[in-house]
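Working notes, beginning with the structure itself.
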Amino acid sequence: MTANRPTRDEALALLKEYTTTEPLLKHALAVEAVMRHFARRQGEDEEAWGVVGLVHDLDYERYPAEHCAMSRKILTEKGWPEEYVRAVASHGWGMFTDIEPQTPMEKTLYAVDELTGLITAAALVRPSRSLMDLEASSVKKKWKDRGFAAGVDRSVIEKGAAMLGMEISELIRESILGMRDIAGELGLAGN
């Protein structure tokens, strides 16, 4: 780690040490891309935001019953900066932890984590199977169908958008733009 700041390569290696399933790895990449997009948009530290997005579900595959708590333990033992550890833990606020998102990075991670799953599902049911022609309005239509991507907790996305002072449609649009940056890696660049 450079001056106690993990690099993306170190974060990716750590993620792959604890996560082997392709859907979870793709989810981590999607959240990383969206976090980087929002960091650029807000003039924040893109590398820090991306690394946090990449490892946010570090413990989920191995320790689902201890989600966020085990990530906190692992990252602390590895000497990661407290701001990174806290951000990762705060994305489970109200579900797995009592750590409420406070910083812009924490609030953004909380808002976009579930949303990337909904966007991915919406892209996969399109004839193009692509993010490149996916619009926020299409995701909003799917949003209303509670049977669609039923595992996505829309109330978390709503709370996150409110924390950020954003309309849901804007949050969706910006998240799609972030995911488009790595559409190929996500398998969502089209047929």
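No value in this document is a laboratory result; all are computed from the given coordinates. Small disclaimer: the values here were computed from a predicted structure and weren't measured. Positions of Cβ are backbone-derived with ideal geometry, glycine not excepted, and every protein chain shown enters the neighbour counts.
Rounded to the nearest 10 degrees, the angle from helix 168-180 to the longest Cα principal axis of the chain is 70 degrees. How far is helix 154-164 tilted, in degrees, relative to the longest principal axis of the Cα atoms in the chain, given as a value from 0 to 90 rounded to the nearest 10? Helix 154-164 sits at roughly 70 degrees to that axis. Which residue, 146, 86, 129, tops the fluctuation ranking in a GNM of the chain built on C-alpha contacts under 10 Å? Residue with maximal mean-square fluctuation among 146, 86, 129: 146. When the chain is treated as a GNM with alpha-carbon contacts under 10 Å, the residue of 99, 157, 176 showing the greatest mean-square fluctuation is 99. For a quick check, take a GNM of the chain with Cα springs below 10 Å and name the residue from 50, 92, 165 with the largest mean-square fluctuation. Of the options given, 165 has the highest mean-square fluctuation.
Between the stretch 79-114 and the stretch 13-36, the alpha-carbon centres lie 16 Å apart.
Determine the calculated [θ] at 222 nm for the chain from helices alone, applying -39500 (n - 2.57) to every DSSP H run no shorter than 4 residues and normalising by the residue count; nearest 500 deg cm²/dmol.
Details: 10 runs with 118 residues, N = 191.
Computed ellipticity for the chain at 222 nm equals -19000 deg cm²/dmol.
Start at zero, step by 5 Å, and the Cα-Cα distances of the chain spread as 1, 8, 17, 22, 21, 16, 9, 3, 1, 0 percent across the bins.
Principal-axis analysis of the Cα atoms of the chain puts helix 22-42 at an angle of about 90° to the longest axis. If Lys and Arg each add +1 and Asp and Glu each add -1, what is the summed charge of the other residues whose beta carbon sits under 10 Å from the beta carbon of residue 116? Net charge in that neighbourhood comes out at -2.
Note on residue 159: lysines with a C-alpha under 22 Å away, same-chain residues under 8 apart excluded, are 107, 140, 141, 142, 144.
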